[in-house]
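First comes the structure, then the notes that go with it.
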Amino acid sequence: MQWKFSKRLVTRCKTIRYDGTFAEEESLIIKEIRHNIHVNGEFFASVMLIPEQQKEFTYGFLFTSGIINSSDDVVNYRMCENYNIYVYLKDPRPLAGNSTWTITSGCGGGKVLDKTYDDIKTIDSAFKISAADILNHFKVMEKESDLHSATRCVHKAYFAGSDGDCFASDDIGRHNTIDKVIGGIVLKGLSSDGILISTGRLTSEMILKCSRAEIPVIVSRTAPSKLGIDLAEKSNMTLAGLTGKKSFTVFNDPGRIE
């Protein structure tokens, strides 16, 4: 089978497969690499990522963390050896009050989790979408999941804007895919009015990221947490999950699904 993703994202590993009997085979294994982010010359965070869309991730991560409000806040971005990323902002002052942290590829959104319930934005959007279009966008995301099909080890996020712009990302961390998509929106100066679909569960930190970007409709393959639902209600966000080929469950909708 011919995969569409870059071969630098994976490596081959000898494995033993059991399917009634044991047999040796070769498996494609995703690469997980530590990226160290430095802001204004100071170490800021270590993040585990697949080696793709690092610039989009960095901008999205800084945006959802409240460090930048647009790409115009960044004077210079560069990625050097050993995956050290250096970002310099228009405001050269040290990021006082921001501690460093490590974001893993599993749960936890790092500093995002420190944002309080009262900080969440209220989304004012007239965007509407039909149930059929939600399912169609979900099918598009599933169709473009070659990396997941090959490795069974990545999440995917897919954004479709009301003006026709689309952006997709893969990563081992579900929150990383959200940051990559939001970073793509920030870098390109796109409108965030549209629908974001994720393969990951929509817990509080995921909703906070999407609320910060003012994305009005969020859909997942899996179910949200109760706090995720509460935050979606507070931010006036449409939230749906348990999405399949022909169905989905709506957990909150202020009137956007037609």
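Here are a few things to note about the model shown:
- The chain: relative contact order in percent, alpha carbon pairs under 8 Å with at least 6 residues between: 18
- Antiparallel beta bridges, as assigned by DSSP with both residues in region 152-258, represent about 65 percent of the total such bridges.
- Antiparallel DSSP beta bridges within the chain, as percent of all bridges there, nearest 5: 70
- When the helices of the chain are scored as -39500 (n - 2.57) per DSSP H run of n ≥ 4 and the total is divided over every residue, the value at 222 nm lands at -7500 deg cm²/dmol.
- Look at (1) 40; (2) 33; (3) 23: the one that is percent of Cα pairs over 32 Å apart derived from this structure is (3).
- Fluctuation leader among GLY161, GLY189, GLY20 - the chain, Gaussian network, Cα springs under 10 angstrom: GLY20
- Between LEU89 and ARG34, the FRET efficiency from the beta-carbon distance, with R0 = 30 Å, is close to 0.85.
- FRET efficiency, ASP124 to ALA223 (Cβ-Cβ, R0 45 Å, nearest 0.05): 0.95
- Per-residue HN-Hα couplings for region 193-200 [Karplus 6.51, -1.76, 1.60; θ = phi - 60°; Hz; x = Gly/Pro]: 6, x, 10, 10, 10, 10, 7, x
Read-outs throughout are calculated quantities, based only on the coordinates presented, and are distinct from any laboratory measurement. Since the structure is predicted, the reported quantities are computational estimates derived from the model, not experimental observations. Methodologically, a virtual Cβ is constructed for each residue, glycine included, from the backbone with ideal geometry; neighbour enumeration extends over all protein chains shown.
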